[in-house]
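Working notes, structure below.
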Amino acid sequence: MMYDRHPTVLLFFLALLLGGEALYLPTAWPQLTPLHKAAGSLAMALPYLFLYLSAFSDPGAITAANHVPEMARYPYDFSLFHPGAVCATCERLKPARSKHCSVCKRCVARCDHHCIFINNCVGAGNHHWFILLLLSTAVLTAYGGVLGVNLMTAKMKLRFPSWALLPWRANRGAGMEFTQWLVVWSWGMQDGGQGVGGGVAMGAVTLLALMTSPLVWGLLGYHLWLVYCGTTTNESMKWADWQIEMDDGFAFKRRMAPGRVKDVSVEPVWTRWPAETEQVLLRTMDGAAPSADAGYPGVGEWEAVWRLRDVENLYDLGFWDNLVDVFVPGFMFRDPRKPVGERRLRQKQKRRARKIILA
Ligand SMILES: [Zn+2]
Ligand SMILES: [Zn+2]
């Protein structure tokens with residue numbers, strides 16, 4: 001039961017939106033200017049739209065039919081994702097950056113995480129809808145909170161002219177005590193409302209909006225930060241594991257030969273990504289460097305890696321291209337007509353070092 005898709009949390013989220021609006025609007029709506037009515041309607045509509053799109057669009061399910069193009073989405077970085085890994089459930093090669101979701105029971109392209117709020121995976125196909133859902137919910141909670149405070153304070157000032165939003169201002173103006181200031185607040189939150197619960201309902205929803213807003217903004221900031229780093233929630237956890245290996249002295253890297261011949265039975269011949277890995281990362285059991293000719297990919301001597309910033313992240317092209325990759329799923333970073341054998345790829349940046357560790 002816990003490991004199956006179930007819309008409990010999605011319905012809870014929906015109930016919170018609908019219930020909040022049903023309690024808030026009867027009091028707030030008649031007081032709003034036409035501009036706020038228009039902006040408020042848009043702010044209320046967008047989270048529903050993006051919730052629908054996040055929940056019901058395909059996050060990038062990998063099937064027998066799309067397996068070949070999905071393999072060409074990203075090259076293997078030989079650090080987090082290695083060619084040849086097979087999904088034990090789907091029994092197909094795992095494309096780079098994909099993950100098998102045990103809840104959805106399928107492999108998902110560039111899987112970020114399974115999100116119970118949308119009852120769906122967040123992956124290459126719906127990541128942009130998910131970010132827009134966070135943005136629109138963050139805006140709605142902030143807007144509703146600030147508007148609610150404004151409506152209440154306007155009323156309080158009308159009744160108690162010496163009252164001010166900041167308690168020390170009220171005190172300076174007419175000697176209003178802090179306790180009096182609080183009493184006016186409680187009056188303002190209760191009085192004069194329409195509909196179920198009257199003003200209390202709007203006041204309570206305002207309070208809830210103001211309390212949840214920082215959380216939603218924080219989550220949005222975190223996801224934009226991941227985009228800036230060219231990584232996903234799933235990958236940031238893998239990088240955190242690498243940090244542990246590095247701290248223990250078990251991580252080694254060496255160069256990947258630029259003109260290497262790919263094993264096309266496990267690797268895509270061509271990908272739309274404009275870069276190929278220049279490094280191989282390896283963990284050892286004992287902290288001793290593997291011998292140079294032990295049969296692992298790459299060329300040259302192995303060197304110990306102690307810090308994440310000393311390894312490159314193949315999937316970070318810089319913030320704008322990372323954003324394009326999220327918002328235009330399947331964007332062709334490379335001309336598909338270019339001959340396959342062309343090795344010197346358009347390297348976006350040589351500074352593709354890990355930006356930061358998250359997790
Ligand atoms: Zn799978
Ligand atoms: Zn899932």
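If you go through the range 42-61 one residue at a time, do you hit one that is surrounded by 15 or more Cβ atoms within 10 Å (Cβ to Cβ) and more than 30 Å from Ala142 (Cα to Cα)?
yes
Does Arg97 satisfy being on the phi > 0 side of the Ramachandran plot and touching a residue at least 60 places away in the same chain (Cβ under 8 Å)?
Values: on the phi > 0 side of the Ramachandran plot: yes; touching a residue at least 60 places away in the same chain (Cβ under 8 Å): yes.
It is true that Arg97 is on the phi > 0 side of the Ramachandran plot and touching a residue at least 60 places away in the same chain (Cβ under 8 Å).
Any chance you could count how many residues in the range 10-31 are of a type in the set (A, V, I, L, M) and in contact (Cβ under 8 Å) with a residue 24 or more places away in the chain?
Total satisfying the criteria: 7.
Of all residues in the range 73-87, which are more than 16 Å from ligand 2 (Cβ to nearest atom), without any contact (Cβ under 8 Å) to a residue 60 or more places away in the chain and in contact with a strand residue (DSSP E or B) (Cβ under 8 Å, 6 or more places away or on another chain)?
Across the range 73-87, the qualifying residues are Ala85, Val86.
Whether any residue in the range 22-34 is of a type in the set (Phe, Trp, Tyr) and assigned by TED's automatic domain parsing to the domain that holds Val216 is what I want to check.
Looking only at the range 22-34, we keep the residues that are of a type in the set (Phe, Trp, Tyr), and these are 24, 29.
With the extra rule that they be assigned by TED's automatic domain parsing to the domain that holds Val216, the set shrinks to 24, 29.
Looking through the range 22-34, at least one residue is of a type in the set (Phe, Trp, Tyr) and assigned by TED's automatic domain parsing to the domain that holds Val216.
How about the range 121-146: which of its residues are among the hydrophobic types (A, V, I, L, M, F, W, C) and touching a helix residue (DSSP H, G or I) at 6+ places or on another chain (Cβ under 7 Å)?
Within the range 121-146, Val122, Trp129, Phe130, Ile131, Leu132, Leu133, Leu134, Leu135, Ala138, Val139, Leu140, Ala142 qualify.
Mind checking whether some residue in the range 279-286 is among the β-branched types (Val, Ile, Thr), surrounded by 19 or more Cβ atoms within 10 Å (Cβ to Cβ), in a strand (DSSP E or B) and in contact (Cβ under 8 Å) with a residue 24 or more places away in the chain?
Scanning the range 279-286 turns up at least one residue that is among the β-branched types (Val, Ile, Thr), surrounded by 19 or more Cβ atoms within 10 Å (Cβ to Cβ), in a strand (DSSP E or B) and in contact (Cβ under 8 Å) with a residue 24 or more places away in the chain.
From the list Asp335, Asp310, which residue is modelled with pLDDT under 95 and closer than 15 Å to Cys229 by Cα?
Of the residues listed, the single one that is modelled with pLDDT under 95 and closer than 15 Å to Cys229 by Cα is Asp310.
Looking at the structure I just gave you, is Gly125 assigned to a helix (DSSP H, G or I) and either within 14 Å of ligand 1 (Cβ to nearest atom) or surrounded by fewer than 23 Cβ atoms within 10 Å (Cβ to Cβ) (or both)?
no
Collect the residues in the range 314-328 that are in a loop (DSSP other than H, G, I, E, B) and either surrounded by fewer than 20 Cβ atoms within 10 Å (Cβ to Cβ) or out of contact with any Gly (no Cβ under 9 Å at 6 or more places or on another chain) (or both), keeping them in residue-number order.
Of everything in the range 314-328, those that are in a loop (DSSP other than H, G, I, E, B) and either surrounded by fewer than 20 Cβ atoms within 10 Å (Cβ to Cβ) or out of contact with any Gly (no Cβ under 9 Å at 6 or more places or on another chain) (or both) turn out to be Gly318, Val328.
Looking at Arg110, Arg97, Arg106, can you tell me which residue is within 23 Å of His6 (Cβ to Cβ), within 16 Å of ligand 2 (Cβ to nearest atom) and either of a type in the set (Val, Ile, Thr) or not assigned by TED's automatic domain parsing to the domain that holds Gly20 (or both)?
After applying the criteria, what remains is Arg106.
Which of the residues belonging to the range 74-106 are within 11 Å of ligand 1 (Cβ to nearest atom), touching a His at 6+ places or on another chain (Cβ under 7 Å) and under 19 Å from Ser236 (Cβ atoms)?
Cys101
Considering only residues of the range 113-132 that are away from ligand 2 (no atom under 16 Å from the Cβ) and aliphatic (A, V, I, L, M), which is nearest to Ala72 (Cα to Cα)?
Only one residue fits best here, namely Ile131.
May I ask you to list the residues in the range 107-120 that are surrounded by fewer than 19 Cβ atoms within 10 Å (Cβ to Cβ) and within 16 Å of ligand 1 (Cβ to nearest atom)?
The answer is His113, and nothing else.
Tell me which residues, restricted to the range 62-72, are surrounded by fewer than 23 Cβ atoms within 10 Å (Cβ to Cβ) and either closer than 19 Å to Val328 by Cβ or touching a strand residue (DSSP E or B) at 6+ places or on another chain (Cβ under 6 Å) (or both).
Within the range 62-72, Asn66, Pro69, Ala72 qualify.
The values are calculated or read from the model by the stated rules, or taken from the named source; none is laboratory data. Since the structure is predicted, the reported quantities are computational estimates derived from the model, not experimental observations. Glycine also receives a Cβ, built like all others from the backbone with ideal geometry; neighbour counts cover every protein chain displayed.
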